Amino acid sequence: MAVMAPTSSKQPAVGNKADAPDASAFRTPQRRADLRGHRLPVVEFSIFLTANLIAASLAPIQDCDEVFNYWEPSHYLNHGYGLQTWEYSPVYGIRSWAYAGMHSAVIAIGRLLPFVTSKHAEFYFLRAILGLFCALCESQLYSAVAQRINARVAILFLIVMTTSTGTFHAAAAYLPSSFAMYTGMLGCAAFLKKRTAQGVFWFAAGAILGWPFAGALVLPFVAEELLLAYTSGQYLGTLKRLLDGGFRALALLAMQTAIDVYFYKKVLCVPWNIVAYNVFSGSGKGPNIYGTEPWHFYLRNLTLNFNVWLLLALVTAPVLLLHIFFARPSTEDAIRTVTVASPFYLWLAIFTLQPHKEERFMYPAYPFLALNAALSLHLTLSYLGGTSAVIRKIPVQLRLAVAVLFVLAAVDISFLRTVGVITAYSAPLKVYAPLHLPNMSHPGDTVCLGKEWYRFSSSYFLPNGTRAKFIKSNFDGLLPGEFSEATGLGRFPGAWLEPAGMNDENKEDMGKYTHISQCKYLVDSYMPVSSASALEPHFVLDRDNWETLACAPFLDTSRTGTLGRTLWIPDLSFIPERLQRKWVTASSKDRQCLDLAPAYCPDRLRLRQRKNPRARSPDLEKPQNGEAKSKYAMQTPGVWIPSSFKRPAAAPYPNWDLHNTKPLPYRPFRSKYFVTMGLRTMPWDEWIELDSDYPKFHALKAARITERGERCCRTAPEAFDAAIELVEELCAYLPERYPSLYRAIGRGMENLHTGEVFDIVERPMSEDPMQMAARMVQDDLAIMMEGKDGQYYLLAGAILLAGFWRLEDKWRMPLSEIHTSGDVPQFKQKLEKGMMNFFRRIRPEAPMLRNNYFIQVDDKLAWSSAIGDEDKGGVNWGTAGNDRPVEAMHFRSERQSLRRLPRSGGVVFTIRTYFHPITEISQEPYVPGRLAAAVRSWSDDVAHYRGSAVFKEQMLKYLDERHEEQLAEGLVLEKEGEYHQYPY
């Protein structure tokens, strides 16, 4: 729409107020307004939508907060597992499940469509819907601006929004700040159309469901309403409209609170929690602990993302003041225009004053920046289109050319910036693609992230059942944990169960890391100028242990100049060296990469696979996760320097009941067996597992303590302090985890089921501390202490239910001899060195778990009498005979935890046994076929060690028959991964 100007040929001289655009510069002719009415501007909407869908398809994820705080919770809601940040702990509750839930609902609806058939498709489907909603909001604001301000301002707004790199980032981002941007546009449009209550509601929606601080954007509009009420005297009508919007907002807040209470299982107000943490949390907490930036951070960032549009937005205020002073528009027009121009300044001022700054914090202000830029350019063009004596001296064609070239230059710069971002930083969206190839990955596989943790693109890019895990890197803050996947507790228990190791101070929790031996895949990057460190070795160059499956280009910002980092520069030979974007040199082309650049092998984000991942025992001869050995080992063998580490408080076991909580169904066998330690990280809450078998185990242990005494339970003098520390740890942990069974008392702990009182203060103690500990849990217990020779010795134990070995046989033996005396298969070749180094390096803050299993041919939990008399020597499988019926055979599963005690340095084993008839577990889907395959895969030495000659023929025949029955009943082998995950 053309700007209206005076038609008189008699124009005042330069300097007269008539040189400025006249008052009609912010009026839209009624003809155009009537033509538009209130309908959606279809052409403009199509333009907005096209730009946003391009962003949804190509935009890199700018912030790890988007992944961990929004994509991962949605993945949990949609797929039952995901990574969990401390913000989602019910202790803190500063993220709303209502916000994550409405996005998850969109994904759930999308899964009904024929083309949304993978998690990858779900990711882009949600992005497309976000882009669509953003386009609808942009179109509403465009329409309002065209109707109430000026059509040319609306067109310029469209140009800025659809071409700027900032909008490219924000339009389809799954972030509360993007949501606040959407609702801010709807709110502004509503106020421009004189729909006050609706405007208040939309701004409130952005603050409630999105980001509470976005509520500040409504202040200029409320001020306008109050000012107009003052000038017109219509106080009652204004108050009524504002209260109407406020009540709508309260209704939305009530709905959000109800949803959050349902998920968190506690009464809380998430918007208030966000404000309280960010504003009132005090020293050592709050946003500043995540880093601060100088005052000019946003000016630099906005310049990158909006180039000259930012300059125009910043000068809007003086340009408007000049226009109002010279053109004398109506009071209503002047107030409306100043109101629309104010939110950008307000937002920029508020967040410039905050020390902690992030690019996404500006997203809610992007439409207002675009509006300001459009206003400034519109007024400038109106002045250039005027008829003053000075302007008339400039040819019309020249004026038009300058205006067009200015806009084209801004658009071109934005285009080069956007393409530069896409080509430089999209690797995290591409590198996981090979995992989706047939037979490449399987449920239970792990993709590990070290120094690249913050570039993880979410579990939506991993195949079903493949999990992301973290290994230790130089980062020493708090990483996400995992939502609980507990069963039998209703829907979404991970939302309300208190996770272990969370804090709001960004303090590192070592329980968030996994052992690198558990990684089948590893994502890493390598830059020639980077230096390897103990915590961040060059995994990319480790060809002995890893092979490259895929790599994607990633810009080397350390060697690329400012222009190359700012804009897209093609990789052409005639471009001067100092301007070229830098990638890895051609010598890296011999990597097994998916080479995406023909002339260069760019710096890559690499997905690597462990060579023969299931055939290797954990390589523990070298410091794992890249950590220095000295951090783990005692500086002087046998001399432990006490650690200040304190175990995190344990959350109560959800709905635990002594009579109804059944034993967990551990089935830790795979179709192919390998000799390996099989370590994985232990969540602190899960140290000790108790269930409805506790009374039976407790009674059996008590009887064996009475019968066998120190033959089963004893503590060497040099391990006494470690044993005391163990009972202290148990007396602290068990009342926290199982408050309906144990109660903490001043001198120790009381068993509410048996009435036992464990006094751990009196000296001498009423019984051996290991014997006392044995009465507390269902596990067998052992403590290994390091001697002066660097060997670890069994110096304390309560071995009551071991089934196949006796404490008296292993007493005071070093770790290696314990295994060699029992003829553990391939111990010398595959396990010994790694196991010894693991024991030297295990830290108090990094407990581990492993599982094991055996077949037993009788039903005796404590001691398998089939292999001989417990009180005689020479026990072995040879005495068992091979005529045992399958009904007598039992599956014996062990869950072992290993942790170092921080005060004494002793390494504690807990060995919890699960004992079930073979005929019972064979009724479970997939179990008979998988167990039969595992037994058949045993090597000769493993088969001999496990006594397979005694039971193999009868048991395999039975398992095969049960497997065939399950297949005949419709069992689908390809869906096994959906039914169970190791070790279940």
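Of all residues in the stretch 936-946, those being touching a residue at least 24 places away in the same chain (Cβ under 8 Å) and out of contact with any Asp or Glu (no Cβ under 9 Å at 6 or more places or on another chain) number 5. Thr661 falls short on exactly one of the conditions (1) surrounded by fewer than 19 Cβ atoms within 10 Å (Cβ to Cβ); (2) at pLDDT 90 or above; (3) touching an Asp or Glu at 6+ places or on another chain (Cβ under 8 Å), and that condition is (1). Pairing residues of the stretch 561-584 that are under 15 Å from Ala424 (Cβ atoms) and among the basic types (Lys, Arg) with residues that are modelled with pLDDT of 85 or more and part of a helix (DSSP H, G or I), at Cβ distances under 9 Å and at least 6 apart in sequence or on separate chains, gives Arg565/Gly420; Arg565/Ala424; Arg581/Gly420; Arg581/Thr423; Arg581/Ala424; Arg581/Gly564; Arg581/Arg565; Lys582/Gly564. Checking each residue in the stretch 875-917 for being modelled with pLDDT under 85 and open to solvent by 20 Å² or more (accessible area, probe 1.4 Å) picks out Val875, Asn876, Trp877, Gly878, Thr879, Gly881, Asn882, Asp883, Arg884. For the stretch 375-406, filtering for residues that are open to solvent by less than 30 Å² (accessible area, probe 1.4 Å) and in a helix (DSSP H, G or I) leaves 8. If you filter the stretch 102-149 down to residues that are in a helix (DSSP H, G or I) and without any contact (Cβ under 8 Å) to a residue 24 or more places away in the chain, you find that the one that is most open to solvent (accessible area, probe 1.4 Å) is Ile109.
Among the residues of the stretch 440-480, those identified as in contact with a strand residue (DSSP E or B) (Cβ under 7 Å, 6 or more places away or on another chain), under 18 Å from Tyr290 (Cα atoms) and of a type outside the set (D, E, K, R) are Trp453, Leu479, Pro480.
Got at least one residue in the stretch 676-696 being at pLDDT 85 or above, over 29 Å from Trp811 (Cα atoms) and hydroxyl-bearing (Ser, Thr, Tyr)? Looking for residues that are at pLDDT 85 or above, over 29 Å from Trp811 (Cα atoms) and hydroxyl-bearing (Ser, Thr, Tyr), one finds at least one in the stretch 676-696, hence yes. Please work out which residue is most open to solvent (accessible area, probe 1.4 Å), limiting yourself to the stretch 328-364 and to residues that are in a helix (DSSP H, G or I) and polar (S, T, N, Q). This residue is Thr331.
When restricted to residues that are in contact with a helix residue (DSSP H, G or I) (Cβ under 8 Å, 6 or more places away or on another chain) and on the phi > 0 side of the Ramachandran plot, the stretch 266-314 contains 2. Checked against the criterion of being among the hydroxyl-bearing types (Ser, Thr, Tyr) and out of contact with any Lys or Arg (no Cβ under 9 Å at 6 or more places or on another chain), the stretch 430-450 contains one or more residues that satisfy it.
Can you tell me which residue within the stretch 507-525, out of those that are open to solvent by 40 Å² or more (accessible area, probe 1.4 Å) and at pLDDT 80 or above, is nearest to Pro443 (Cα to Cα)?
By that ranking, first place goes to Glu508.
None of Leu311, Leu299 is of a type in the set (A, V, I, L, M, F, W, C), farther than 23 Å from Pro176 by Cα and open to solvent by 40 Å² or more (accessible area, probe 1.4 Å) except Leu311. Would you say Gln771 is touching a helix residue (DSSP H, G or I) at 6+ places or on another chain (Cβ under 7 Å), in contact (Cβ under 8 Å) with a residue 40 or more places away in the chain and open to solvent by 10 Å² or more (accessible area, probe 1.4 Å)? Answer is yes for this residue. Among the residues of the stretch 48-69, those that are under 20 Å from Gly166 (Cα atoms), under 17 Å from the mean Cα position of the chain (by Cα) and not in a loop (DSSP other than H, G, I, E, B) comprise Cys64, Asp65, Glu66, Val67. Filtering the stretch 678-696 to residues that are out of contact with any His (no Cβ under 9 Å at 6 or more places or on another chain) and open to solvent by 10 Å² or more (accessible area, probe 1.4 Å) leaves Gly678, Pro683, Asp685, Glu686, Glu689, Asp693, Lys696. Among the residues of the stretch 474-495, those identified as surrounded by 20 or more Cβ atoms within 10 Å (Cβ to Cβ) and not hydrophobic (A, V, I, L, M, F, W, C) are Pro480, Gly481, Ser484, Gly494.
When we screen Arg95, Arg152 for residues that are part of a loop (DSSP other than H, G, I, E, B), of a type in the set (Lys, Arg) and either open to solvent by less than 10 Å² (accessible area, probe 1.4 Å) or farther than 20 Å from Leu429 by Cβ (or both), the only hit is Arg95.
Of the residues Ala258, Ala207, Ala251, Ala276, the single one that is assigned to a helix (DSSP H, G or I), of a type in the set (Gly, Ala, Ser) and under 30 Å from Asp333 (Cβ atoms) is Ala207. Residues in the stretch 414-445 that are outside any helix (DSSP H, G or I) and crowded, with 20+ Cβ neighbours inside 10 Å: Val431, Tyr432, Ser441, Asp445. Taken together, Glu728, Glu686, Glu736 contain a single residue that is of a type in the set (Asp, Glu), touching a strand residue (DSSP E or B) at 6+ places or on another chain (Cβ under 9 Å) and under 30 Å from Leu831 (Cβ atoms), which is Glu686.
Note on the stretch 513-555: residues that are farther than 15 Å from Ser473 by Cα and assigned to a loop (DSSP other than H, G, I, E, B) total 10. Can you tell me which residue within the stretch 339-359, out of those that are closer than 21 Å to Leu141 by Cα and either modelled with pLDDT under 95 or not aromatic (Phe, Trp, Tyr) (or both), is farthest from the chain's Cα centre (by Cα)? Only one residue tops the list, namely Thr339. In the stretch 310-322, the residues that are over 24 Å from Ser414 (Cβ atoms) and touching a residue at least 24 places away in the same chain (Cβ under 8 Å) never reach a residue that is open to solvent by 40 Å² or more (accessible area, probe 1.4 Å) and aromatic (Phe, Trp, Tyr) with C-beta atoms less than 8 angstrom apart, at least six apart or across chains.
The values are calculated or read from the model by the stated rules, or taken from the named source; none is laboratory data. Quick caveat, the model's predicted, so the values are computed rather than measured. Cβ sites come from the backbone with ideal geometry, for glycine too, and all protein chains shown count toward neighbours. With ligands, DNA and RNA removed, areas are computed over all heavy atoms of the protein, side chains included. Shrake-Rupley method; radii C 1.70, N 1.55, O 1.52, S 1.80 Å.
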